[in-house]
Structures are given as C-alpha cells and as structure tokens.
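What follows is a short report on a single structure.
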Amino acid sequence: MKLANAMNESSDSLAVNDYSSDAYSSGENDKKIDTGNIEEAESSLRENGSLNYEEARALLGRYEYQKGNIEAALHVFEGIDIAIVTPKMKLSLVQKGEPRKRNSYNFADPPLSIHAVGLLLEAIYLKSKSLQILQRYKEAAQSCKTILDIIESSLPEGLPENFGTDCKLQETLNHAVELLPELWKLAGSSQEAVLSFRRALLHHQSLSPETTAQIQKDFAFFLLYNGGEEAVPPNLRSQMDSSFVPRNNIEEAILLLMILLRKVSLKIIKWDPIILDHLSYALSISNGLEALSIQLEELPAGIIDNKERYFLLALCYHGQGDDLSAINLLRNIYKHEDQHCGPGPALLLASKICGLSLSMFEEGVSTGKQAIRALENKCEEMVGVAYYLLAISLSGHCRLSISDIERIKKQSEALECLEIAGKLTGMNDTRIVYSLSLENAEQRKLDAALGYAKRLAKMEGGSSLKGWILLARILSGQKRFSEGETVINAALEQTGKWDQGELLKTKARLQVAQGQIKNAIQTYTQILAVLQVQSKSFRSQKKSHEIGGKHVKNLEMETWHDLALVYMKLSQWRDAEACLLKSETINYYSAPRLHITGLLYEAKGLEKEAQNAYELALDLDPTYVPSLVSMAVIIRRAGGKSTASAKSFLTEVLRLDRLNSSAWYNLGLFYKEDGPMFLREAANCFEAASILEETEPIEPFR
C-alpha cells in the first residue's frame, strides 16, 4: 500500500497527465507497472521511507523509454531539475565513499540513498540516449558529460569495489563513458570526442578491462579514420621525462593498439583479430613495417595461425625490401600444400616477389600457375591478378632464355596471360594495361602498344609519370619525335618540379633525335638545376636520403653522360671531358662512364685507349651491351685473327638483347667480310638491323 500510495502521489504531482493515460491505460497488461521500476521504487522506499519527485520522474521516464515513447520519456526526464539534485548526489557519493569513523555520533545521513543516486544517474543517461535518438547530439553529449562530472568530482579515485552494485551504478558509468565520445563524433566535434576518449582512459573510473579495451579500440579507430583532422597531442602532467608522447593521430593510434596487443599477451583481454588488422594498417602507412614484424614475432603461440603469421611477416619483409626472407617464409606456407587448392594470397605474393628477381623467374612462373589453380572459381579479379603476375615472370624468364624458340614461346605466353588478365579484370587495372603496352612495345608491336598506352593515359588522368614516358617512347619508336615531345610537355604541366627529372631527360633525348641540340642542352641544364635543389633537400632529411638520394645521383650521372655525348656530336671535346669528370665524382666505378670515355677516345682517333676503356667497363659489368658492341667494332677494324672473339662479343649481345640493331648490323659486316659463302647470312643480319632500327626508341621501353 505504501508503494502504491507513493507512486500515485508522485504521479499526481508530476504534471504528466497526458502521458499517464498511456502508461496506465485500460487493459490488463498496461495496468501493470514495469517490474524493474517497482524494485527500484521499493529500494528507495526502504531506505528513505518515501519516493521523492525526482526519483518518481526517473522511474516514469525509464518506463516510457522502455516502451519506446522516446519523446514522452524525454519530456519526463527534462522535468528533473539537475541543478538541484547534483549537489545532493555529489554529497551522497562523497559520504558513501568515505568510511564512517567508529566514534563519530554526529555523522549526518546522506541526502539521497545510493539507490536514488543510481536511479537519477541512469535517468540522465537515458535522457542522453533519448536525445541521441532524436538526433540532438550536442545536447545529448552535454547531458552525458554531467554523469562523468558528478562521479569524478565526488570520487576522484573511482568507484570503490562493490560500490553501488545493487543499483547498477558501475554499469551506468560504463555505458556513459562509452557513449560520450560517440555523441561528440555525431555532433561533429572531433576535438571534444578526442578529449572524451582520453578522459575515459586517464581518469580513475574503475572500468572493467573489457570496457577499457573497447574504449581504446574505438579511440584508435577514430584517430586513424577521422578524416585527417589532427587531434591536439596529449599533455600529461604525470608523464616521466623519458616517456613517449605521440606527436600525431597515427602515433597515438599505434600506441593504443600496441597496448591492446600487450593486454592480449598478458591474457587481460580476449584476442580480437581487428586489433592486428588496424595496427598493420597504421604501421604500414607510417613506415613502421619493422616494428610490425617485431610485434608479430612477439605474439604468443596460438594467438594467430602460423601460416597467417608467416604471411604477414612476409609482407613486412617485402615492404622493407628483404625479399629473400619474405620468399623463405612464404615457402613454408605453400611448399607442403595441395597443388590445386593452395593458399592463394601467399602464392600471389610469392609470384610477385619472384617476378622481381632475375634468379627466381622460374619459381615465379610456378607459383603464378599454382595461384591460378588455387583461386579458380573463387574470384575472377584475383585470378586476373594471378595471370598478370605469371606474365611478369614469363616476360622476365624469356629475357634469360638461351634458344630463340624458347624465347619466342615465352614472349607469346606472357602476352596471352596479360590479355587474359585484362579480360578478367575488365581492363580496369592500370598495372595490367601498362604491362600490355610495355610487352607489345618490347615485341615491337607498336600500334597495339600505342593503343594500350593511350588507354592508360585516360584511365590515370595523366597522374602516372611512367605512363607518360612509355607513351613518348612508343611514339619515338614510330619516329614521331615531335608528338613524343608534345606528350612530355603535357606531362610536365601536370607534374611538380621535383618529379620532372625523368620527363625532362626523355624530352632532351627527343630534342637530340630531332637535331635540336641547343634546346637539348638547355633541357639538360634544367635537369641539373632541379637535381641540385633536390639533393640538398634529401641531405636534410635522413629517411628520404637513402632512397631519394640514390635516385637523384643516378639521374644526375645519366644527365652528365648524355651531355657528354651531345658535346661529342659538336666535337667539343673539352666540354665532353668536363661532363665525364663530373660523373666520375659521383661514381668512379661506372661502366657507362667508362664506355662513353671510350667513345670519346674513338672520336679523337685514339683506338687503343678506347679499347682499354671498353675493357675496363666490361670488367665492372661483363653484360654491359654497348661496350660489348664497341669491343667487336674495334676488333673488326683492327683486322687480324681476332674476328672469332669479336663475333663472340656480338653473339653475347644478341643473347642479352635480341633486338639490338647495332649488333645485327655489325654481325652482318663480319659475315660480308667472310666471303661470298656468307652473303645470305650477311643479308639476313642487315635486314634484321634495318627492321629493328625503324622501330627503335630513343631509350629502352623497359
């Protein structure tokens, strides 16, 4: 009777008659008050002897919320005067948190029971949820923040153990802590969301390990994917001088994810694969593959499957350039698998790595074929990628083939695989379209190559340097030099100054081919000016210096070599020598530099010195094709009994580069000098040289 009277009195005093008709409408079920509400009311009545106005509203609001009457619930919750009840709740929590002194007789009772405090805090939480449902996100966040303000100011060390378990106070706190950052995100306040996440993790709020872990995950994901807005770096008063402080969003996300991995290792929380997925992404975009490999190696056994660990480690090593370690790990995965249903991704990665190495093309072909069998009937696009990688290995393998028949067969297979890859991927993969253009160009099918190169330019919108350069090279193979230069000029307009070096080099060579020597010299000078500024910048950035600095030096050497050749055309020997001296300071042991030195000696009529220079070049690189050809030419001109050794140089050239027109031409001269019996062979060589020269680009297609 006491409970019923209290509820009736509260209902009468509430000015919510329009909602009471819904809550207590006719019908047997509607007349029954929610069991949970009755229990809460009974608890408050047992402790206080009555149910006050705010508690009654809290109960009625919860009842409306549970029924799905969100606007009605919000109306009831807004009737609770938070400003009045907040001091009472704080005082009650403070007194409840402090142990009573044994001999203290003047210890006043708290103004609210702990059940009443829990009921009111739950009401504030449900009010926030109601506002969230009604898309009033900022108000919802401000309401939710009130819960944390009350508890943190009252109990700065967090809720004592078993504190308020009967009234689900800890449960309400857990929910509020998780909800607040989400509300700020929905309100579009990224910085407030970040502060809420940090507040949840740094304040003593007695959260369960699972709740803390979920907050850390949500915070890490938000930092990684919040659209690029940088959070203000944390400023921790308690941090030690030697402690790590994240400088940006990604570093803070990585720190959180590594803490979660550590908790998994210590069995504080359960394993969640999403942690490793996002940590892998974060470290891979921040040049942290070495750190990721260490994390993978330190994971306790049984957390992830060994094959998955090997695959992820292989990706890390490949990303760091250690392909030998990567392929050894991948072999542990696919060597003992069924040839028809092996691990597709591991085989794809193995095929890609092998396709990049001269010594592993054969294994690349094998793993590519296995990948196709493993991925059949699963994903057409993945099968297309497998065919593409198989083509790369076949193309590389054919360059090492000894017999012409084997080489032609593998070239045909490579082109066929690329065409299949294009069909399976709908010709939407730029790598495949580029390779189709390149493979056709290398086989001197220039019309087909040009079609693919133009398609690639449209697909990429002019964003790829190598696409522009390949298009210009194909046009130069068709002797359309001015069109090639127009293509390069268009590329230069869309490219930043620092990325123009390769484009300018191709442009200068096109100008030389057109006889525009002065323009070419100006273009080469422009390259050197860009490289000088670039080199200074790389020296100031240690990380970029190793990779970018090497590329700059190689391009600078090629520029000096090209300039030397241009000055030799003009018979300006001193200028050519000056260019070679510049090259020497960059790399003394350079086969191209020694070869051009030999050409300079030849131009001056110093054939013995020229031969010595070519021999030195071949000592450094026995497969350097230009010096092999030049050695054969000098020996032929010298005459005598050394023609057999000269022919062997040319035979080696044609083994390395079957499409070298100069080698075919000089081999024809040898056959012609051998007498009438070899005139047919000489004619065939001259014909091959003529055909190849007609389609020869200003620089190699690959």
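Checked against the criteria, Ala83 counts as within 53 Å of the chain's Cα centre (by Cα) and either modelled with pLDDT of 85 or more or over 26 Å from Leu59 (Cβ atoms) (or both). Filtering the range 498-506 for residues that are farther than 21 Å from Glu442 by Cα, touching a Phe, Trp or Tyr at 6+ places or on another chain (Cβ under 8 Å) and not in a helix (DSSP H, G or I) leaves an empty set. Within the range 296-314, being part of a helix (DSSP H, G or I) and closer than 21 Å to Leu349 by Cα holds for Leu296, Glu297, Asn306, Lys307, Glu308, Arg309, Tyr310, Phe311, Leu312, Leu313, Ala314. The range 125-222 holds helices (runs of 4 or more DSSP H) entirely within its bounds, and those carrying 1 or more residues that are at pLDDT 90 or above, touching a Ser or Thr at 6+ places or on another chain (Cβ under 8 Å) and buried (at least 18 other Cβ atoms within 10 Å of the Cβ) map to 137-154, 169-186. So Ser661 ticks every box in (1) of a type in the set (Gly, Ala, Ser); (2) surrounded by fewer than 18 Cβ atoms within 10 Å (Cβ to Cβ); (3) over 28 Å from Gly467 (Cα atoms) but one. Which box is left unticked? Ser661 satisfies all of (1) of a type in the set (Gly, Ala, Ser); (2) surrounded by fewer than 18 Cβ atoms within 10 Å (Cβ to Cβ); (3) over 28 Å from Gly467 (Cα atoms) except (3). The residue pairs whose first member lies in the range 673-700 and is within 23 Å of Leu510 (Cβ to Cβ), whose second member is part of a helix (DSSP H, G or I) and among the aliphatic types (A, V, I, L, M), and whose beta carbons are closer than 8 Å, counting only pairs six or more residues apart or on different chains, are Thr695/Leu446; Pro697/Ala441; Pro697/Ile474; Ile698/Leu510; Ile698/Val512; Ile698/Ala513. What about Leu418, is it modelled with pLDDT under 85 and in contact with a Leu (Cβ under 9 Å, 6 or more places away or on another chain)? Spelling it out, it is not the case that Leu418 is modelled with pLDDT under 85 and in contact with a Leu (Cβ under 9 Å, 6 or more places away or on another chain). Per the conditions (1) among the acidic types (Asp, Glu); (2) modelled with pLDDT of 90 or more; (3) within 21 Å of Ala610 (Cβ to Cβ), the sole criterion not satisfied by Glu687 is (3). Which of the residues that make up the range 665-686 are under 29 Å from Leu471 (Cβ atoms) and exposed (fewer than 13 other Cβ atoms within 10 Å of the Cβ)? Within the range 665-686, no residue meets the criteria. As a summary of the residue check, Leu465 satisfies the conditions (1) in contact with a Leu (Cβ under 6 Å, 6 or more places away or on another chain); (2) aliphatic (A, V, I, L, M); (3) modelled with pLDDT under 90 except for the one numbered (1). Within the option set Ile275, Ile268, being buried (at least 20 other Cβ atoms within 10 Å of the Cβ) and farther than 27 Å from Ser351 by Cα holds for one residue only, Ile275. Taking the numbered list (1) under 19 Å from Met258 (Cβ atoms); (2) within 19 Å of the chain's Cα centre (by Cα); (3) part of a helix (DSSP H, G or I) in turn, Asn287 passes all entries but (3).
Listed here are the residues, each with its yes/no results for (1) crowded, with 17+ Cβ neighbours inside 10 Å; (2) free of Cβ contacts under 8 Å to residues at least 40 places away in the same chain.
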position	(1), (2)
Cys398	yes, yes
Lys409	no, yes
Gly422	yes, yes
Thr425	yes, no
Arg431	no, no
Ser435	yes, no
Asn440	yes, yes
Gly451	no, yes
Lys454	no, yes
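Of all residues in the range 52-63, those being buried (at least 24 other Cβ atoms within 10 Å of the Cβ) and over 19 Å from Ser113 (Cα atoms) number 1. Residue count for the range 73-93 under the criterion of being over 12 Å from Leu121 (Cα atoms) and either crowded, with 24+ Cβ neighbours inside 10 Å or touching a Cys at 6+ places or on another chain (Cβ under 6 Å) (or both): the result is 2.
Is it the case that Gln494 is within 16 Å of Leu555 (Cβ to Cβ), in contact (Cβ under 8 Å) with a residue 24 or more places away in the chain and within 30 Å of the chain's Cα centre (by Cα)? Criteria not met by Gln494.
The values are calculated or read from the model by the stated rules, or taken from the named source; none is laboratory data. Predicted, not measured: the structure shown is a model, and the values here were computed from it. Heads up, the Cβs are rebuilt from the backbone with ideal geometry, glycines too, and the neighbour counts pull from every protein chain shown.
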